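To start, the structure under review is shown below, and the notes come after it.
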Amino acid sequence: MPLTVKKQGEKLVASIRGDIDHHSALALRNAIDEAISRFRSKTLVLDFSEVTFMDSSGVGLVLGRYRNICAYGGELELRGLSLRHMKIMKLSGIEKIAKIKGGEENVKAAK
Amino acid sequence: MLTKLNSERDALIENNLGLVHACAKRFKGKGIEYDDLFQAGCVGLVKASDSYDKSRGFAFSTYAVPAILGEIKRMFRDGGSIKIGRTQKEKAISLVRLRDELTKTKGEEPTVYELADYAGLSTFETAQLLNAVIPPMSLTVFDSAENERQMDLIGYDSRADMTDKLSLHTSIESLPEEEAKIIKLRYFSGMTQAQVAEILSLSQVQVSRKEKTILKKLRGII
Amino acid sequence: MLKPQNEMKLILKSHSVNEGFARVAVSAFAAQIDMTLEELSDIKTAVSEAVTNSIVHGYGRKIGNIYITCGIYDNNLIRIKIRDNGCGIEDIKKAMEPMYSSLGGDRAGLGFSVMECFTDKLKVYSKPGKGTSVILEKRVSIKC
Amino acid sequence: MLKPQNEMKLILKSHSVNEGFARVAVSAFAAQIDMTLEELSDIKTAVSEAVTNSIVHGYGRKIGNIYITCGIYDNNLIRIKIRDNGCGIEDIKKAMEPMYSSLGGDRAGLGFSVMECFTDKLKVYSKPGKGTSVILEKRVSIKC
Ligand SMILES: Nc1ncnc2c1ncn2[C@@H]1O[C@H](COP(=O)(O)OP(=O)(O)OP(=O)(O)O)[C@@H](O)[C@H]1O
Ligand SMILES: Nc1ncnc2c1ncn2[C@@H]1O[C@H](COP(=O)(O)OP(=O)(O)OP(=O)(O)O)[C@@H](O)[C@H]1O
Ligand SMILES: [Mg+2]
Ligand SMILES: [Mg+2]
């Protein structure tokens, strides 16, 4: 599974590797949701720094995990988004609800 | 009788070296030296001439070409069986690195043609490889170009072999706890500086600075 | 539309494992025009969206054929058509609105927006019960 | 022959620039089965020979379509068909003999021998004036 889930302090960090499309998103979703319910962390961090391809299925993956972590009263943080992936994310307005870290330049550059 | 047979066999070999050249030429530029391809092909030719039976009515080439190709094919096998994923990934990573280098030296992003040209690959192959992996390390702005290279050195470069890693391991024991932790997380767990910063409640800039000093120190020790 | 300089047609089954293959095949073909990696990724992303729609919406649980045509025209124009014989779209205008999705779950409703964002032209033809065609055009920069 | 688990069809023009694309497309599709790099390049090599023959011999100076079907079957069997509507082959047995070539120049007459050597099965069907089909089969080793 191209996914590593680690507990880092209070945070649950899920690092995704490889391509995120509709085909790969299903397994990623199940694994991340399983980790959310097991660890019950207040903060879910999704790390995209090793994602090689992403289309709108990646946005759906994020929105779905956002809904899920909200149900636990937690919050969502996104890391390592490249300029290109940020551009796609921003079509959904996700930056208004999730904390985006480590790519401030990208957030701005992606208009 | 035996000597006659031998001279017949020698003639067969000598007269058909052209077959070996024809076969070897077919596989030029695929990562094996022409001389080696030719050598392997000759082994096939010798085997074929040993077992060739004229009375069966086949032309010698019908018999020899599959034997020659078979030996040449074995050469490619003997490189060991490499799983696709890994080598493709390595190749792709070096392509992206090449792109970054070219971007730096030329001041603008190279096109796929230019990349292919530099890497000596076809454009189709290049496109396919880039599909396999485009490491976003180089696409993200937040990791400075410098520590990318540091990561490459220890993370990906196959020349940074195990002995380096092992000696690094023993030297780390002599470091203060926090410093040892930074190096372990960065180079043995393969984490990014941002990840390490998170764990140690430091800023990424602090991790970057500390890492540089520790590496200098380690180089002194090693 | 003039005749393409070169053209390929690809027929795939609507298995989701083929999404990745469709991206690779189209971008490998398109790469015979010289362009930057960014432009190549734009094409990949748009194709991925259209193919995924045919799989997810067009055919749903069924397995059907997806027809992809990719043509290379003068002045570095790439034209890609992705067609399915699936359920079709009732209201194309509504379907193309950002954040609209007829499916719940994890769909963001952004597929068409992404296609628009990463190409120069997007056309959608569809007939309910018959199928859907998406045409993507991208003109890549000419370098000397 | 049972139904394939997955299958793709590709239609190309007989421009020589498409040889490379055909190789890449087939190998990208075949790569969904786990195999070694050598096995993958065996497949590429064989496909390349067949496609080149359709371009060089089948169509010659004309430009026609080349039809490639690639199917993945149970037990890691890959089956590839390369078909053209070109001039066809009079004497298939003779054409398949090593070092036989109907064209002079740089052609060594090794194409069919290479296909045979790098696959597990090779079948050739042809009708003069109608066209040629080459079927290549390769069973790749299962690795754990
Ligand atoms: N090929 C198709 N066949 C049938 N309906 C389609 C097709 N493509 C798109 N649609 C319809 O258009 C809607 C919008 O598509 P779009 O790709 O923008 O969003 P989505 O697929 O629902 O979500 P996302 O692409 O973000 O995962 C879909 O929900 C679907 O109802
Ligand atoms: N698709 C085809 N259409 C018509 N004739 C063909 C086709 N494929 C092969 N042939 C005939 O079979 C002969 C042998 O083919 P083969 O590939 O073995 O050798 P070649 O193409 O002549 O030389 P090489 O492949 O070494 O460059 C050809 O010379 C040609 O006459
Ligand atoms: Mg969609
Ligand atoms: Mg040939």
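Structure above, values below:
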read-out	value
Residue in region D:14-33 that is among the small types (Gly, Ala, Ser), free of Cβ contacts under 8 Å to residues at least 40 places away in the same chain and surrounded by fewer than 18 Cβ atoms within 10 Å (Cβ to Cβ) present	yes
D:Glu90 being within 14 Å of chain B (Cβ to nearest Cβ) and more than 16 Å from ligand 1 (Cβ to nearest atom)	no
Residue check, B:Val20 β-branched (Val, Ile, Thr), more than 10 Å from every other protein chain (Cβ to nearest Cβ) and in contact with a helix residue (DSSP H, G or I) (Cβ under 7 Å, 6 or more places away or on another chain)	yes
Pairs, first within 7 Å of chain C (Cβ to nearest Cβ) in region A:51-64, second hydroxyl-bearing (Ser, Thr, Tyr) and within 10 Å of ligand 1 (Cβ to nearest atom), C-beta under 6 Å, six or more apart	A:Asp55/C:Ser48; A:Val59/A:Ser92
Filter result (within 11 Å of chain B (Cβ to nearest Cβ) and modelled with pLDDT of 90 or more) within region D:37-50	D:Asp42, D:Lys44, D:Thr45, D:Ser48, D:Glu49
Selection from region D:87-117 of residues that are more than 13 Å from ligand 4 (Cβ to nearest atom) and under 11 Å from the mean Cα position of the chain (by Cα)	none
Those residues of region A:6-50 which are out of contact with any strand residue (DSSP E or B) (no Cβ under 6 Å at 6 or more places or on another chain), facing chain C (nearest Cβ under 8 Å) and touching a residue at least 24 places away in the same chain (Cβ under 8 Å), in sequence order	A:Asp21, A:His22, A:Ala25, A:Arg29
Those residues of region D:1-33 which are facing another protein chain (nearest Cβ under 8 Å), part of a loop (DSSP other than H, G, I, E, B) and closer than 26 Å to D:Lys130 by Cα, in sequence order	D:His15, D:Val17
Meets criteria (within 15 Å of the chain's Cα centre (by Cα), away from every other protein chain (no Cβ under 11 Å), over 23 Å from C:Asn18 (Cα atoms) and surrounded by fewer than 19 Cβ atoms within 10 Å (Cβ to Cβ)) for D:Asn53	no
Some residue of region A:69-84 being modelled with pLDDT under 90, of a type outside the set (Gly, Ala, Ser) and over 19 Å from C:Ala46 (Cβ atoms)	yes
Filtered residue count, region C:83-116, keeping only those that are more than 12 Å from ligand 3 (Cβ to nearest atom) and either buried (at least 19 other Cβ atoms within 10 Å of the Cβ) or in contact (Cβ under 8 Å) with a residue 40 or more places away in the chain (or both)	6
Residue within region A:48-60 that is closer than 24 Å to C:Met99 by Cα, out of contact with any Phe, Trp or Tyr (no Cβ under 9 Å at 6 or more places or on another chain) and surrounded by fewer than 19 Cβ atoms within 10 Å (Cβ to Cβ) present	no
Residues located in region B:93-114, provided they are closer than 18 Å to C:Ser141 by Cα and either assigned to a helix (DSSP H, G or I) or of a type in the set (Lys, Arg) (or both)	B:Arg99, B:Thr103, B:Lys106, B:Val112, B:Tyr113, B:Glu114
Count of region C:57-77 residues which are of a type in the set (Val, Ile, Thr) and surrounded by 21 or more Cβ atoms within 10 Å (Cβ to Cβ)	2
Residue tally, condition surrounded by fewer than 17 Cβ atoms within 10 Å (Cβ to Cβ) and either modelled with pLDDT of 90 or more or facing another protein chain (nearest Cβ under 9 Å) (or both), over region A:85-102	1
Residue in region C:73-87 that is acidic (Asp, Glu) and away from chain B (no Cβ under 14 Å) present	yes
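Each row is one residue, and each column tells you yes or no for (1) more than 28 Å from D:Lys13 (Cα to Cα); (2) more than 16 Å from ligand 2 (Cβ to nearest atom); (3) more than 14 Å from chain B (Cβ to nearest Cβ).
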site	(1), (2), (3)
C:Met35	no, yes, no
C:Gly60	yes, yes, yes
C:Cys70	no, yes, no
C:Leu122	no, yes, yes
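The values are calculated or read from the model by the stated rules, or taken from the named source; none is laboratory data. What you see is a predicted model, and the numbers here were worked out from it, not measured in a lab. Because the Cβ atoms are built from the backbone with ideal geometry, glycine has one as well, and the counts that use them run over all protein chains shown.
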